[in-house]
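The values are calculated or read from the model by the stated rules, or taken from the named source; none is laboratory data. The structure presented is a predicted model; accordingly, all values stated were derived computationally and were not measured. In this analysis, Cβ positions are derived from the backbone assuming ideal geometry, glycine residues included, and neighbour counts consider all displayed protein chains.
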Amino acid sequence: MCELFGVSAGNEIDVSPWLQMFFLHSEKNPHGWGIAHFHQNPAGRAGFGMLEKEPVKAVRSRYLKERLRQGLRASTLLAHIREATIGSLEYSNTHPFQKTDDSGRCWTLAHNGTVFEGALLSRFAEVQEGQTDSERILLYLVDRINGAMEKKLREKPAPENEKPADCGPGSVLTALERCRIIDEAVASLAPGNKLNLLLFDGETFYTHTNMQGTLYSCFVENAVLFATVPFLTGSGARWEEMPFTSLCAWRDGVRIYEGCPHQHIYIEDPERIRSLISVYAAL
């Protein structure tokens with residue numbers, strides 16, 4: 001049910017060999033591919049990037065084949081291959097998804113999993129571009145960030161010429177504040193739902209899993225790789241399972257935050273998944 005691949009690195013590196021191996025898995029995930037790749041700005045932070053995706057099988061995409069043949073360099077990357085459960089085969093339902101918060105910060109998300117308990121997300125169904133629960137997750141997270149910014153400004157307005165020391169342009173939240181807000185928001189969504197997440201806010205890369213054996217990390221030189229299904233077999237790469245039910249945050253290949261486990265463990269129930277798919281198919 002979909003696969004994720006991500007990279008957080010201390011400098012720009014050629015990620016195309018890893019992507020070529022990752023996209024071979026699209027034989028089992030044929031309903032779309034996507035890449036969000038980011039490049040370091042003059043200040044040394046990964047601040048601008050590009051989103052490329054198609055609702056077609058990755059190994060059959062002429063565009064993707066040529067794109068990777070030319071080589072692709074990035075310091076931060078989120079990649080996704082889709083096995084559709086909810087939402088038709090359209091561009092708007094293809095991961096990753098992006099949304100800009102009220103400060104101008106762009107958030108990018110790729111999700112592996114299914115949302116069964118969606119009360120917190122239902123109000124975003126009317127404003128999302130596609131039909132996926134994954135897009136609604138991103139809208140919910142950005143809404144929580146917007147609410148926290150509004151609250152902070154209301155309680156303690158900052159002078160016009162003063163900004164938090166570790167914020168990006170236009171933001172009123174520090175990196176640590178953003179980590180805590182996303183941590184709390186993900187924990188609120190986790191009960192009853194499978195949430196393998198890769199999330200990037202232009203500076204900080206967030207990872208989360210609440211199902212054992214479904215998200216791994218691997219350190220390669222000055223980069224950390226993330227994958228729902230480990231690859232690079234025979235290369236000496238050592239994949240380790242990610243912290244379970246804990247949000248982690250990374251910058252330049254280094255972990256800067258790990259939240260407390262929320263204990264909302266997801267256990268796969270194939271019959272429940274089939275029932276959910278049949279309900280959406282009837283809509």
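Here are the numbers for the structure shown:
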read-out	value
Close pairs from segment 42-55: first closer than 17 Å to residue 97 by Cα and at pLDDT 95 or above, partner among the aromatic types (Phe, Trp, Tyr) and in a strand (DSSP E or B), Cβ under 7 Å, at least 6 apart	53/33; 54/33
Residue selected from segment 50-77 under the condition assigned to a loop (DSSP other than H, G, I, E, B) and within 16 Å of residue 17 (Cβ to Cβ), by the criterion nearest to the chain's Cα centre (by Cα)	72
Among residues of segment 211-242, those that are β-branched (Val, Ile, Thr) and within 22 Å of residue 256 (Cβ to Cβ), counted	2
Residue check, residue 271 modelled with pLDDT of 95 or more and either of a type outside the set (Phe, Trp, Tyr) or under 30 Å from residue 50 (Cβ atoms) (or both)	no
Exclusive hit being in a strand (DSSP E or B), touching a helix residue (DSSP H, G or I) at 6+ places or on another chain (Cβ under 6 Å) and touching a residue at least 12 places away in the same chain (Cβ under 8 Å), set 80, 37, 111	111
Odd one out for residue 241, checked against (1) of a type outside the set (Lys, Arg); (2) modelled with pLDDT of 95 or more; (3) buried (at least 18 other Cβ atoms within 10 Å of the Cβ)	(3)
Flag for residue 207 being among the β-branched types (Val, Ile, Thr), assigned to a loop (DSSP other than H, G, I, E, B) and within 17 Å of the chain's Cα centre (by Cα)	no
